[in-house]
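I have placed the structure first, in the form of structure tokens, so that the comments after it can refer back to it.
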Protein chains: 2
Amino acid sequence: MKKSTIGLFGFGVVGEGIYQVLAQKPQLGVTIKKIVIKQVDKKRNAPENLFSTDANSILNDPEIDLIVELIDDAEAALDIVLKALNSGRSVVSANKKMIAENLSLLIETAKKNNVSFLYEAAVCGSVPIIRNLEEYFDNDLVSSVRGIVNGSTNFILTQMIKFGLEYDLALRKAQELGFAESNPSLDVEGWDARNKLKIIILHAFGKLIKDEDILVKGVNSITKFDMDYAKEKDFVIKLIATCKVNKSGEIEEASVLPTFIPKYHPLRLTDNEFNGVLIGGELTDEQFLYGKGAGRYPTSSAVLSDISAYLFDYKYAYKKRIKSVDKVTPPIKKFYISYKKENNLSLSSLGESYETYESSSHCYVTVNAKMESVLSLCEQPDVSVICFE
Amino acid sequence: MKKSTIGLFGFGVVGEGIYQVLAQKPQLGVTIKKIVIKQVDKKRNAPENLFSTDANSILNDPEIDLIVELIDDAEAALDIVLKALNSGRSVVSANKKMIAENLSLLIETAKKNNVSFLYEAAVCGSVPIIRNLEEYFDNDLVSSVRGIVNGSTNFILTQMIKFGLEYDLALRKAQELGFAESNPSLDVEGWDARNKLKIIILHAFGKLIKDEDILVKGVNSITKFDMDYAKEKDFVIKLIATCKVNKSGEIEEASVLPTFIPKYHPLRLTDNEFNGVLIGGELTDEQFLYGKGAGRYPTSSAVLSDISAYLFDYKYAYKKRIKSVDKVTPPIKKFYISYKKENNLSLSSLGESYETYESSSHCYVTVNAKMESVLSLCEQPDVSVICFE
């Protein structure tokens, strides 16, 4: 195991946690030499001389061999990470947005410079999903990955179903407890889950998928009316990210969709800020990985595992052939669609419905239909779309 | 990815499953050249010329580079595996008893010959616990591993708590469904779980622990009376294998014990033939891995993952320093002890009890006591010992 001198970008809850743990564990042989931050005048729980606002104080220091990047700004992060990789430094990052948007460039840059670029913390917090896809499911036989990959929306949906809260109230509770951002759109509209699914798809199937090939519907349209329907049928509602491939290895579903989860389903038990992922293989029994997906400790934990793997010179091997995705033809599935009566939504083009229901205020239909058609008809945020598992 | 020619020992449900899958997947580049079996006159679903009763037909074939060992007999298996490793062949095995009893010898032999010796299927069926301990938790910072590692006993306990069955009836049901052996003592007395825990301890902590340093109480003493107590307190009872180390890395608990599991505990959800393991780290949040632990498909699935890893030249690295264990001083814990009134068991030496209960037929006490003292006083199979989580 080698020793390492780290340059840290960002000193939020995760950065501070990592600083403290490494300070308490000198036997790891890891030293944080410099921490680059935006605001210099804030009081921080670490010696003042560690801090700088100048990125070059890390990037130009030849003693620093590992950059740990934990800042919010995806654009600034990309600049730092590329400079670090190109200067022959390894990088650990938790920036899912930056990574998802630049996967191909980042992987090539790390490969070209023969350095480690690790990002377990970017997907499902503490759950070692990337490492399992890389190491245990390291052949071309994974057939599906589906799971709850966003802690904020899972917290909101859990509060709605358990305590009968309306969406707005559940969102506010999540924000008060630090499980949702003050601007929650990245989470509640499903984009964060899509970013994570993009990264998962690369490690599970060796495929670089385009944003528009992942069908997304968020949870911000879900109402108490929908929850009542779920309860009546003994379902819960979860935001599920799914990717399935067919026997020829072509993607036949890539989606982030609110989904009814029946009793005795492993994902049913994944509540609040927890994440859970099911990995299915052509030859393997479905495996379930579960742990905390958001918050200081889970993210720190994954970052520290990456730092420790780096000490053993670990690199993602990307053993699965990396190829782009030509065309995804999503399957026909059973959907529940609900809307306010005043919306007067016409869904007849979707085909014959199983059920239709109309009260004085709300309507719903259940119908077997193409995923794409459903989502394009139901783009408005006040129309709920929930898929049947 | 290299190609491989396999010699298979054993053609039970797992062996046959693997044969079928590999026959359907020529693109894997894996061929089974010879299958060694005990009885030659049985009708089998594979070409007759593949079978032989002569171990040397595999061991002396220079074309065979990988031995997959799936026989029941631990002694015969050891002989085969040692010969295979010493002849420069890699080995995949699912024989937990053979592996647990010869860990040190087997690892040294594989190392000396620079070959792979993989045994994911020996621990928790399809759950990739060994690989995760090896790869993701590859530093010296794992602080605990605890879980349900035996599917047979978990099936029995689940049936008892869910359907109010007495132990004998639940055991018979498990046997009828193929979840327990006709001679169930290895499972129900806790020895199988102990074997798996030994292997887990090596990969989690780099320690070779002696059998007698793992405290074991099986489930064969558990009665409906105990289940009623559990239900009243809203607990379930699970057979939990536990290993915890202190800050200096010394083992402070290594045990296989029936345990009361409270509501909202991840292990509570692990029912019937499923296995579930929680991995705790000094720096990491507790992770939960869950999947099927027994049966044809789960075991085949793990064996196939090992075969596939071998194609990438994967070897366990045993990065944690392998050292023997000096002395385990198990902690004081809260226990529930129940017995038939006629037994007239004297437990006063354990110290003051929290609760004592006596009916016309049964008694129980709850007491804080040393694990060792409790187990030595309660060795009889008609005395139940259940630990509080």
**OP:** Could you look at the stretch A:119-238 and say what percent of its accessible area is carbon and sulfur, using a 1.4 Å probe and all protein chains?
**Re:** 49
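Sorted by accessible area with a 1.4 angstrom probe, largest first, how do A:LYS327, B:LYS111, A:LYS340, A:LYS244 fall?
Details: A:LYS327 140, B:LYS111 165, A:LYS340 90, A:LYS244 65 Å².
Largest accessible area first, the list is B:LYS111, A:LYS327, A:LYS340, A:LYS244.
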Original post:
Taking the label point as lying 7 angstrom from Cα along the Cα-to-Cβ axis, what are the distances from B:GLN24 to the corresponding position in the remaining copies, in ascending order and in nanometres?
Top reply: 5.0
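Just counting partner chain Cβ atoms within 10 Å, what average do the residues of peptide A:303-310 show around their Cβ? Let's see the in-between values first.
Values: counts 1, 6, 10, 1, 2, 9, 4, 0.
Mean number of neighbouring Cβ atoms from other chains: 4.
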Original post:
Considering only the label points, 7 Å along Cα→Cβ from Cα, what distances in nm to one decimal separate B:GLU389 from the same position in each other copy, shortest first?
Top reply: 2.0
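Per-residue Cβ counts within 10 Å, from other chains only, averaged over A:130-138: what number is that? Please report the intermediate quantities before stating the final value.
Numbers: counts 1, 6, 6, 0, 2, 10, 14, 4, 8.
Taking the mean over all residues of the peptide, I get 6.
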**OP:** Roll a 1.4 Å probe over the protein chains and send me the accessible area per residue for the protein assembly as shown in Å².
**Re:** 41
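For the stretch A:140-180, count all C-alpha to C-alpha pairs, find those more than 17 Å apart, and express that count as a whole percent of the total. Before the final figure, lay out the partial values.
On the way: 311 of 820 pairs.
Across the stretch A:140-180, Cα pairs with separations above 17 Å total 38 percent.
Explain nothing, just the number: dipole magnitude of the stretch A:65-111 about its Cα centre with +1 on each Lys and Arg Cβ and -1 on each Asp and Glu Cβ, in debye rounded to the nearest 20. Spell out each step's value before the answer.
Values: 5 positive and 8 negative charges, 38 e Å.
Result for the stretch A:65-111 is approximately 180 debye, rounded to the nearest 20.
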**OP:** Could you point to the residue in A:VAL40, B:ASN113, B:VAL236 farthest towards the positive end of the protein assembly as shown's charge dipole, with +1 and -1 charges on the Cβ of Lys/Arg and Asp/Glu respectively?
**Re:** B:ASN113
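Normalised by the residues of chain B, what does the relative contact order come to in percent, with Cα pairs under 8 Å and at least six apart?
Numbers: 814 pairs, mean separation 67.8, N = 389.
Computed over chain B, the figure is 17 percent.
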Original post:
Accessible surface of B:ASP41 in the full protein assembly, 1.4 angstrom probe, to the nearest 10 Å²?
Top reply: 130
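Buried accessible area for the A:B pair, summed, 1.4 Å probe, in Å² rounded to 100?
Working: alone 17600 and 17590 Å², together 31660 Å².
Chains A and B together bury roughly 3500 Å² of accessible area.
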Subject >> Of A:SER221, A:HIS265, A:ILE251, farthest towards positive along the dipole that unit charges on Lys, Arg, Asp, Glu beta carbons give the stretch A:220-273 >> reply: A:HIS265
**OP:** Grab the DSSP H runs of chain A that are 4 residues or longer, score each as -39,500 (n - 2.57), total them, divide by all residues and round the 222 nm result to the nearest 500 deg cm²/dmol.
**Re:** -9500 deg cm²/dmol
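May I ask for the net charge around A:LYS224, where only other residues with Cβ less than 12 Å from the Cβ of A:LYS224 are counted and Lys, Arg are +1 while Asp, Glu are -1?
So the environment of A:LYS224 carries a net charge of -3.
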Original post:
How far is B:GLY88 from the same spot in each other copy, in nm, shortest first, if each label point sits 7 Å from Cα toward Cβ?
Top reply: 3.9
Original post:
Taking accessible area as the heavy-atom solvent-accessible surface of the protein chains with a 1.4 Å probe, which residues of the stretch B:1-41 lose no less than 30 Å² upon going from the isolated chain to the full protein assembly?
Top reply: B:LYS25, B:LEU28
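Can you compute the FRET efficiency between A:SER248 and B:GLU355 using 1/(1 + (r/R0)^6), with r the Cβ-Cβ distance and R0 = 56 Å? Round to the nearest 0.05.
Numbers: r = 63 Å, r/R0 = 1.12.
Efficiency, rounded to the nearest 0.05: 0.35.
Averaged across B:266-272, how many Cβ atoms of other chains sit within 10 Å of each residue's Cβ atom?
2
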**OP:** Mind grabbing the accessible area of B:TRP191 for me, 1.4 Å probe, Å², rounded to tens?
**Re:** 90
**OP:** Lys and Arg at +1, Asp and Glu at -1: add these up for the other residues within a Cβ distance under 12 Å of A:SER126 and post the number.
**Re:** -2
Subject >> Cα-based Rg / Dmax (Å) for chain A >> reply: 22.0, 70
Original post:
Around A:GLY10, what is the net charge, scoring Lys/Arg as +1 and Asp/Glu as -1 over all other residues with Cβ under 9 Å from its Cβ?
Top reply: -1
**OP:** Please arrange B:ASP61, B:ASP79, A:ASP326 by accessible surface area, largest first, computed with a 1.4 Å probe and ligands excluded.
**Re:** A:ASP326, B:ASP79, B:ASP61
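For A:SER57 and A:LYS162, what is the calculated FRET efficiency with R₀ set at 35 Å and r taken between the beta-carbons, to the nearest 0.05?
Calculated value: 0.15.
Would you list A:ASP228, B:ASP285, A:ASP211 from the most to the least accessible area, probe 1.4 Å?
My answer, sorted largest first, is A:ASP228, A:ASP211, B:ASP285.
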Original post:
Placing +1 at every Lys and Arg Cβ and -1 at every Asp and Glu Cβ, with all other atoms neutral, what dipole size does the protein assembly as shown have around its Cα centre, in debye to the nearest 20?
Top reply: 960
Subject >> Protein accessible area in the stretch B:242-389, 1.4 Å probe - carbon and sulfur % >> reply: 47
Subject >> Lys, Arg +1 and Asp, Glu -1 on Cβ, resulting dipole of the stretch B:247-359 about Cα centre, debye, nearest 20 >> reply: 280
**OP:** Starting from the Cα of A:ILE322, step 7 Å toward the Cβ, then list every residue of the stretch A:80-104 with an amide N under 15 Å from that point.
**Re:** A:82, A:85-86, A:91, A:99-104
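The values are calculated or read from the model by the stated rules, or taken from the named source; none is laboratory data. This one's a predicted model, so the numbers in the text were calculated from it and none came from an experiment. Counting neighbours? That spans all protein chains shown, and the Cβs are built from the backbone with ideal geometry, glycine included. Heavy atoms of the whole protein, side chains included, go into the accessibility calculation; ligands, DNA and RNA do not. Shrake-Rupley method; radii C 1.70, N 1.55, O 1.52, S 1.80 Å.
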